[in-house]
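Data block below; observations after.
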Amino acid sequence: MNIQEVAERIKENINQVIVGKGEVIELALVALLCEGHVLIEDVPGIGKTTLAKAIARSLGCTFRRIQFTPDLLPSDVIGISYFNQKRQEFEFRPGPIMAQIVLADEINRATPRTQSALLEAMQERQITVDVETLLLPRPFLVLATQNPIELEGTFPLPEAQIDRFLLKIKLGYPTEAEENTILLRFEREDPLDGLGAVVSAEELLALQEASREVRVEQSVREYIVRVVRATREHRAAELGVSPRGTLALYKTAQALAAIRGREFVIPDDVKHLAPHVLTHRIIISPQTRLRGRTPEEVVMEVADSVPVPVEEL
């Protein structure tokens, strides 16, 4: 199965709804191939939820949406065990987490207790109810959205949970031409209503397996390790990227190469992905924040400072 062809099919389908966000869609496809979770962070009205819904509808997978609010309980996410009086026994009523694609809308509006209910599901792909452990269906992906500017009624995601997201992406404002296209596209109806699946869950699992076969030469592998280790040694970093981040950068580089039609990873793949994979995993020092610098700037500086391996002729 040609990964590039399937990826183009999914891109074209999502592009029926989302205008001018080719790079963002490509990053989302990288996460799909890695079976990793995506945190979409941007200001309100940009299209975060629409993008997440378009991705979910393009896949032949079960889909559930959870609207996170301050009064949401862990049992509202995972499910509950209740006593069935007719059968005279306890039964488990599964929550929305028992789906293949889960949209966690405005995840930072829920309390830390409810946010932590997602931790086991995101990392272990299972949930524990009472003393019973239940495996989640595969593929399993969490697409979470959050608003970075509104602080009232929100609870910042703990570092442990942010680290569970494979990628953190931003949409950004559309150009003038793109905004005109949006008006025309949504003039009479919502194109999301007619969006159908273009790939099945079984095909997606096969693509995930195939992407792991993409070759990573020793020099490129060592380059990935050096980039991540440089975040731990940078003077602006209070806490660098963990080995989980190294593995994430490695796997996403394989997926990006496959989407772009290559059977091998090149250093440019690593450099392109570093800001999206590593930025949310690094903690910069308070002094660095006071100077107005951002984690993304630090990661970009790190990526530029590490020598790129060059093929010997």
Selection from the stretch 9-66 of residues that are farther than 14 Å from residue 204 by Cβ and among the polar types (S, T, N, Q): 15, 16, 49, 50
Identity of the residue in the stretch 18-38, part of a loop (DSSP other than H, G, I, E, B) and under 16 Å from the mean Cα position of the chain (by Cα), that ends up surrounded by the fewest Cβ atoms within 10 Å (Cβ to Cβ): 35
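Conditions tested, residue by residue: (1) in contact with a helix residue (DSSP H, G or I) (Cβ under 6 Å, 6 or more places away or on another chain); (2) in the same structural domain as residue 192 (by TED's automatic domain parsing); (3) in contact (Cβ under 8 Å) with a residue 40 or more places away in the chain; (4) not charged (D, E, K, R).
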residue	(1), (2), (3), (4)
14	yes, yes, yes, yes
31	no, yes, yes, yes
45	no, yes, no, yes
51	no, yes, yes, yes
55	yes, yes, yes, yes
58	yes, yes, yes, yes
62	no, yes, yes, yes
Subset tally (residues that are assigned to a helix (DSSP H, G or I) and farther than 10 Å from residue 298 by Cβ) for the stretch 231-241: 2
Flag if residue 84 is of a type in the set (S, T, N, Q), modelled with pLDDT of 90 or more and either within 24 Å of residue 259 (Cβ to Cβ) or assigned by TED's automatic domain parsing to the domain that holds residue 171 (or both): no
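Here is a yes/no grid of residues against (1) at negative phi; (2) of a type in the set (Asp, Glu); (3) at pLDDT below 90:
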| position | (1), (2), (3) |
| --- | --- |
| 180 | yes, no, no |
| 186 | yes, no, yes |
| 192 | yes, no, yes |
| 203 | yes, yes, yes |
| 253 | yes, no, no |
Selected residue (criterion: nearest to residue 129 (Cα to Cα)) from residues of the stretch 73-97 that are in contact with a strand residue (DSSP E or B) (Cβ under 7 Å, 6 or more places away or on another chain), part of a loop (DSSP other than H, G, I, E, B) and touching a residue at least 24 places away in the same chain (Cβ under 8 Å): 97
Subset tally (residues that are without any contact (Cβ under 8 Å) to a residue 12 or more places away in the chain and hydrophobic (A, V, I, L, M, F, W, C)) for the stretch 266-311: 2
Residue that is nearest to residue 100 (Cα to Cα) [pool: residues in the stretch 176-201 that are in contact (Cβ under 8 Å) with a residue 12 or more places away in the chain and polar (S, T, N, Q)]: 200
The stretch 153-211, residues that are among the polar types (S, T, N, Q), under 15 Å from residue 41 (Cβ atoms) and part of a helix (DSSP H, G or I): 161
Leading residue by the ranking (farthest from residue 57 (Cα to Cα)) among those in the stretch 98-128 that are outside any helix (DSSP H, G or I) and without any contact (Cβ under 8 Å) to a residue 12 or more places away in the chain: 128
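Counting just the residues of the stretch 39-61 that are of a type in the set (S, T, N, Q) and surrounded by fewer than 20 Cβ atoms within 10 Å (Cβ to Cβ), which one comes out modelled with the lowest pLDDT?
As a first pass, look at the stretch 39-61 and keep what is of a type in the set (S, T, N, Q): 49-50, 58.
Within this subset, residues satisfying the condition of being surrounded by fewer than 20 Cβ atoms within 10 Å (Cβ to Cβ) are 49-50.
On the way: 49: 82, 50: 85.
Across the stretch 39-61, the extreme among qualifying residues is 49.
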Test: residue 236 is surrounded by fewer than 13 Cβ atoms within 10 Å (Cβ to Cβ), within 30 Å of residue 305 (Cα to Cα) and of a type in the set (A, V, I, L, M, F, W, C): no
In the stretch 209-233, the residues that are out of contact with any Gly (no Cβ under 7 Å at 6 or more places or on another chain) and surrounded by 18 or more Cβ atoms within 10 Å (Cβ to Cβ): 211, 214, 216, 220, 223, 224, 227, 230
Residues being assigned to a loop (DSSP other than H, G, I, E, B) and buried (at least 22 other Cβ atoms within 10 Å of the Cβ) - total across the stretch 242-290: 2
Qualifying residues in the stretch 106-122 (those that are out of contact with any Phe, Trp or Tyr (no Cβ under 6 Å at 6 or more places or on another chain) and within 18 Å of residue 140 (Cβ to Cβ)) - the one surrounded by the most Cβ atoms within 10 Å (Cβ to Cβ): 118
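The values are calculated or read from the model by the stated rules, or taken from the named source; none is laboratory data. As the structure is a prediction and not an experimental result, all values here were calculated from the model. Cβ coordinates were reconstructed from backbone atoms using ideal geometry, including for glycine residues, and neighbour counts include every protein chain displayed.
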